[in-house]
Amino acid sequence: METQPHQDFFEDGDLTALVCVEERMLQSVVVDQLKELGYKIHNGLFGEDVQVKMRTHAYDVIVVDENFGGFDIESNPVLREINEIPLNQRRKQYVVVIGPGMVTNNYMQAFVHSADLVCSFSDLPNLRVVLRRGVMQHKQFYARLLECLQTAGMA
């Protein structure tokens, strides 16, 4: 099944998300839950499209299917691109990897894949709750560091 094109218009101050999920039913679940949290959405249509979008906009949340584009998780071009994001930008983003091989809230699995959260397909109906909590913890974790970097003129 193909990705449904979904491109909200972003304005300054909007919460933004990039959804890299090709299977329509899963994509719909993810998009609906992100919209309930107030995010404006762009869908990644294919690898090069995602690369261009990530280089032109610093999304607040990026959701990636572990097999996006037909790749396995080790060769996933979106996850590779995320690893190339400068740290000062990456600290402000929250990356979620979803897939059948993921164990929801497994921090070690998230760490291995350079993500902030992993979520099993079977837990996608609960993504909104898990994501809200994770984003809040992420902001709390980095708040002091970002404040120090700002004071030092490095952010």
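A few comments on the model shown:
- Hits in region 88-110 - residues which are aliphatic (A, V, I, L, M) and touching a Leu at 6+ places or on another chain (Cβ under 8 Å): VAL95, VAL96, VAL97, ILE98, ALA110
- Members of region 84-108 that are free of Cβ contacts under 8 Å to residues at least 12 places away in the same chain and in a helix (DSSP H, G or I): LEU87, ARG90, TYR107, MET108
- Residues of region 118-155 classified as in contact (Cβ under 8 Å) with a residue 12 or more places away in the chain, in a helix (DSSP H, G or I) and among the β-branched types (Val, Ile, Thr), total: 2
- Tally of residues being closer than 26 Å to ALA143 by Cα, touching a helix residue (DSSP H, G or I) at 6+ places or on another chain (Cβ under 9 Å) and either small (Gly, Ala, Ser) or without any contact (Cβ under 8 Å) to a residue 40 or more places away in the chain (or both) across region 46-83: 7
- Every listed requirement among (1) in a helix (DSSP H, G or I); (2) within 25 Å of GLN51 (Cβ to Cβ); (3) aliphatic (A, V, I, L, M) is met by ALA115 save one, (1).
- Residue match in region 20-29 (condition: exposed (fewer than 15 other Cβ atoms within 10 Å of the Cβ) and of a type in the set (Lys, Arg)): yes
- Of all residues making up region 52-101, the number that are among the aliphatic types (A, V, I, L, M) and modelled with pLDDT of 95 or more: 8
- Residue within region 47-55 that is within 12 Å of the chain's Cα centre (by Cα) and surrounded by 17 or more Cβ atoms within 10 Å (Cβ to Cβ) present: yes
The values are calculated or read from the model by the stated rules, or taken from the named source; none is laboratory data. Keep in mind that this is a model prediction, so the values were computed, not measured. Counting neighbours? That spans all protein chains shown, and the Cβs are built from the backbone with ideal geometry, glycine included.
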